[in-house]
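The values are calculated or read from the model by the stated rules, or taken from the named source; none is laboratory data. All figures in this text were calculated on a predicted structure; none of them were measured in a lab. Here the Cβ is made from the backbone with ideal geometry for all residues, glycine too, and neighbour counts use every protein chain on show.
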Amino acid sequence: MYRLMFFVSLICLMAGTAFAQTSNLLISEYVEGSANNKALEIYNGTEDFINLGDYTIDRYSNGSTTGVSIALDAVDLQPGEVWVIANPSSGPELLAMADQTDGNINFNGNDALVLTYAGTQPVDSFGRVGEDPGSYWSCAEGTTANHTMRRLSSICSGDTVVDDEFDPCLEWSFFASDVFSGLGSHFADCGAVGSSAPTWGSLKASFR
């Protein structure tokens, strides 16, 4: 009874405000480390369970416009959770953090990566498809080679224009090679947006 009254009170207090989630899955971490230490982290910042079997990671190497498609396991990723896919020849520390392994997770700093829904619809990307930047893309903070990179918490929607200019400093923070301490969790601070009273589903999602 008290719990019901608590949530009813919250609905009254929060009328006119809805908490924003990410618009879809995001690439939340990129590991381009030594030897075969390669991995990507996928984050579900929405309020819904998402089946990863509907998504692929497409790797575009050295400026190619033809991708290699990497299927994600058909699991239901919970809201707020992440999925880590790594190269199976990665070191033991990285493999211990992986939820899935695939030999095609063998990108270098000059390879573009696209998270794709239903085979055709890009929902996020890293790098610039069709461009060979040399050994890497770079900006003032670092390069896409020999670094771990984490998505900024302020990023709430993916880069769906896969061939636009790529400045990694705009959406990513840089860490040294073979730093894996951030893998396994992510947070997107999407703030709040004005709206009508929140739905019950959005209210539950904000208190998970």
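Of the conditions (1) within 15 Å of the chain's Cα centre (by Cα); (2) over 20 Å from SER177 (Cβ atoms); (3) crowded, with 16+ Cβ neighbours inside 10 Å, GLN78 satisfies every one except a single condition; which number is it?
All conditions pass for GLN78, except number (3).
Determine if the stretch 9-25 includes at least one residue that is of a type in the set (Ser, Thr, Tyr), assigned to a helix (DSSP H, G or I), at pLDDT below 95 and farther than 22 Å from PHE174 by Cα. Give the steps one after another, and end with the answer.
Just the residues of the stretch 9-25 that are of a type in the set (Ser, Thr, Tyr), to begin with: 9, 17, 22-23.
Next cut, assigned to a helix (DSSP H, G or I) only: 9.
Among the residues that remain, those that are also at pLDDT below 95 are: 9.
Restricting the remaining residues to those that are farther than 22 Å from PHE174 by Cα gives 9.
Yes, there is a match, as at least one residue in the stretch 9-25 is of a type in the set (Ser, Thr, Tyr), assigned to a helix (DSSP H, G or I), at pLDDT below 95 and farther than 22 Å from PHE174 by Cα.
Checking the conditions here, which among LEU115, LEU152 is closer than 15 Å to LEU26 by Cα and either crowded, with 17+ Cβ neighbours inside 10 Å or in contact (Cβ under 8 Å) with a residue 60 or more places away in the chain (or both)?
Being closer than 15 Å to LEU26 by Cα and either crowded, with 17+ Cβ neighbours inside 10 Å or in contact (Cβ under 8 Å) with a residue 60 or more places away in the chain (or both) holds for just one of LEU115, LEU152, which is LEU115.
Select, from GLU131, GLU171, the only residue that is of a type in the set (Asp, Glu), in contact (Cβ under 8 Å) with a residue 24 or more places away in the chain and touching a strand residue (DSSP E or B) at 6+ places or on another chain (Cβ under 9 Å).
The conditions single out GLU131.
Tell me, yes or no, whether the stretch 78-88 has at least one residue that is within 19 Å of SER34 (Cα to Cα) and assigned to a loop (DSSP other than H, G, I, E, B). Quick ask: steps written out before the conclusion?
Let us first name the residues in the stretch 78-88 that are within 19 Å of SER34 (Cα to Cα), namely 84-88.
Narrowing further to those that are assigned to a loop (DSSP other than H, G, I, E, B): 87-88.
Yes, some residue in the stretch 78-88 is within 19 Å of SER34 (Cα to Cα) and assigned to a loop (DSSP other than H, G, I, E, B).
Residue-by-condition table, conditions (1) at pLDDT below 95; (2) within 24 Å of ARG128 (Cβ to Cβ); (3) not hydrophobic (A, V, I, L, M, F, W, C):
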| site | (1), (2), (3) |
| --- | --- |
| THR56 | no, yes, yes |
| SER61 | no, yes, yes |
| ILE70 | no, yes, no |
| PRO79 | no, no, yes |
| GLY91 | no, no, yes |
| THR116 | no, yes, yes |
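Kindly evaluate ILE57 against the criterion of being of a type outside the set (D, E, K, R) and surrounded by 22 or more Cβ atoms within 10 Å (Cβ to Cβ).
So ILE57 passes the test.
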